[in-house]
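Working notes, structure below.
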Amino acid sequence: MITRVRSELTRYLRTETVGGALLLIAAAVALIWVNSPWGASYQTMVDTSLAIPALHLDLTLADWTKDGLLAIFFFVAGLELKREFVVGELADPRRAALPIIAAVGGVVVPAAIALAVGHGAPGMDNGWAIPVATDIAFALAVLAMTGSRIPVSARVFLLSLAVVDDLLAIILIAVLFTASLSLLWLGAAVACCVAWGLAQKYRLHTPLFYIPVALICWYALHEAGIHPTLAGVALGLLTRVRKDPGERTAPATHLEHVVQPISAGFCVPLFALFASGVPLNTAVLGSLFTDRLALAIVLGLLLGKTIGIFGVSWLAIRLGVAKRPVGLEYRDMFALSVLGAIGFTVSLLVAELALADVGAETIELAKAAVLVTSMAASVLGSALLLRRGRVHQARRDADQLPQGEGSTK
């Protein structure tokens, strides 16, 4: 009975709707908690240190969720990206062109708008990178809840777009937030990646090898001065996605099946709990529309993502560089582009990294801008998807009507 309940729970956690719902609940709990009379206890929890002296690791609980648990999230993202490029939608260059081009537009245009609006403001030297990322779990959860009546190709487009978008964000994290580099530790991390790749090549299956290698790779990158979440995406990309004859599933499929519920049900919600605790008083809310950094994030996410994804996609289709997804109209793609403005998990991570030297108040303001804009994008995108869903459903009903009338005659 316990095994059956656990199996049902993990199956439930694999659904995008549940993952997104847990993310929202965790963020709501953090916001309510920090803005309640018990807000000081929230800050105490966030700042609590959990050290491992033997490894010279002295991180707060918030840092452990940001540097440790998100590595698992990025591992799942790496597995999804590898699968899409090898056996998924991105394996066909013609079908892969549009989401890749859209993802590039969804990174470049928000960054350009953020730089233009916030130029010269404190923290903007790296803060322009905050609005470039789309939250995979959040965006797909909103699509699953409100876009069930639009063609299935919408999910494929949004998933492919978000995965490539996150890869670009990961590259930015590696480039922008590596202050000092230890070549010795970097070499150790590379050695771990090589060992992982060779183990995959020679069909080694035991977790007794892979778990220690993953932990050592994470630690080596941390000591090298590179954000350790990159260990997750690197190992995910090195995992085999094609199954051999006689194998029930490929290693990437099996690992995603095992790890994704942990990521969706524990890692990402816990990160949201620790990262979303932003005091929302009148001063903070007022600053969202007056502070140049906050405005850069709001406009970069809401306008930049929508214009970048939809505008570049429209241009690529019109020029014949890419093809529009089957069954989707431009209005459907515009609604999906609005969902691309949901920049929750990775944007919060980038905000903490980019503004670490500016001050806690600036970080809180940037987080508030990300949270408010992501919620606005989810509400607006949901409304557009529901409207488009009614249009598609009406067309399906109209197509079936003549058949029904013919059968009665």
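The values are calculated or read from the model by the stated rules, or taken from the named source; none is laboratory data. Model, not experiment: these values are computed from the prediction. Note that each Cβ is placed from the backbone with ideal geometry, even for glycine, and that neighbours are counted across all protein chains shown.
For GLY265, indicate whether it is farther than 30 Å from ALA27 by Cα, within 26 Å of the chain's Cα centre (by Cα), surrounded by fewer than 22 Cβ atoms within 10 Å (Cβ to Cβ) and of a type outside the set (Asp, Glu).
Numbers: farther than 30 Å from ALA27 by Cα: no; within 26 Å of the chain's Cα centre (by Cα): yes; surrounded by fewer than 22 Cβ atoms within 10 Å (Cβ to Cβ): yes; of a type outside the set (Asp, Glu): yes.
So GLY265 fails the test.
For the stretch 364-383, a tally of residues being under 28 Å from GLY232 (Cα atoms), buried (at least 20 other Cβ atoms within 10 Å of the Cβ) and more than 16 Å from the chain's Cα centre (by Cα) returns 3. The residue that is surrounded by the most Cβ atoms within 10 Å (Cβ to Cβ), counting only those in the stretch 219-249 that are closer than 20 Å to PRO207 by Cα and among the aliphatic types (A, V, I, L, M), is ALA231. Every condition in (1) under 29 Å from PRO131 (Cα atoms); (2) buried (at least 23 other Cβ atoms within 10 Å of the Cβ) holds for ALA252 except the one numbered (1). Which of the helices (runs of 4 or more DSSP H) contained wholly in the stretch 62-164 include at least 3 residues that are farther than 22 Å from LEU380 by Cα and among the charged types (D, E, K, R)? Passing ranges, in order: 70-86. In summary, LEU299 fulfils each of the numbered conditions (1) under 17 Å from PRO99 (Cβ atoms); (2) at pLDDT 90 or above with the single exception of condition (1). Residues that are surrounded by 20 or more Cβ atoms within 10 Å (Cβ to Cβ) and of a type in the set (Ser, Thr, Tyr) are absent from the stretch 198-206.
Scanning the stretch 178-221 for residues that are in contact (Cβ under 8 Å) with a residue 24 or more places away in the chain and outside any helix (DSSP H, G or I) gives THR178, ALA179, SER180, LEU181, SER182, ARG203, HIS205. Pairs meeting the criteria (first residue in the stretch 113-130 and on the phi < 0 side of the Ramachandran plot, second residue hydroxyl-bearing (Ser, Thr, Tyr) and surrounded by 23 or more Cβ atoms within 10 Å (Cβ to Cβ), beta carbons under 8 Å, at least 6 apart or on different chains) are ILE130/SER347. Being at pLDDT below 90 and either basic (Lys, Arg) or more than 28 Å from LYS66 (Cβ to Cβ) (or both) holds for only one residue in ARG318, ARG324, and it is ARG324. Restricting LEU339, LEU315, LEU319 to residues that are within 25 Å of LEU24 (Cβ to Cβ) and of a type outside the set (S, T, N, Q) narrows the list to LEU339. Only a single item in (1) of a type in the set (Gly, Ala, Ser); (2) over 16 Å from the mean Cα position of the chain (by Cα); (3) closer than 18 Å to GLU80 by Cβ is not met by GLY225, and it is number (3).
Matching residues to (1) surrounded by 12 or more Cβ atoms within 10 Å (Cβ to Cβ); (2) more than 30 Å from LEU158 (Cβ to Cβ):
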{"residue": "ASN35", "(1), (2)": "yes, yes"}
{"residue": "GLY39", "(1), (2)": "yes, yes"}
{"residue": "HIS56", "(1), (2)": "no, yes"}
{"residue": "ASP63", "(1), (2)": "yes, yes"}
{"residue": "ALA71", "(1), (2)": "yes, no"}
{"residue": "GLU84", "(1), (2)": "yes, no"}
{"residue": "ALA97", "(1), (2)": "yes, no"}
{"residue": "ALA103", "(1), (2)": "yes, no"}
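The condition of being surrounded by fewer than 17 Cβ atoms within 10 Å (Cβ to Cβ) and of a type in the set (A, V, I, L, M) holds for only one of ALA111, ALA116, that being ALA116. Please pick out the residue among GLY343, GLY327 that is under 18 Å from PHE157 (Cα atoms) and under 25 Å from the mean Cα position of the chain (by Cα). Sole residue among the options that is under 18 Å from PHE157 (Cα atoms) and under 25 Å from the mean Cα position of the chain (by Cα): GLY343.
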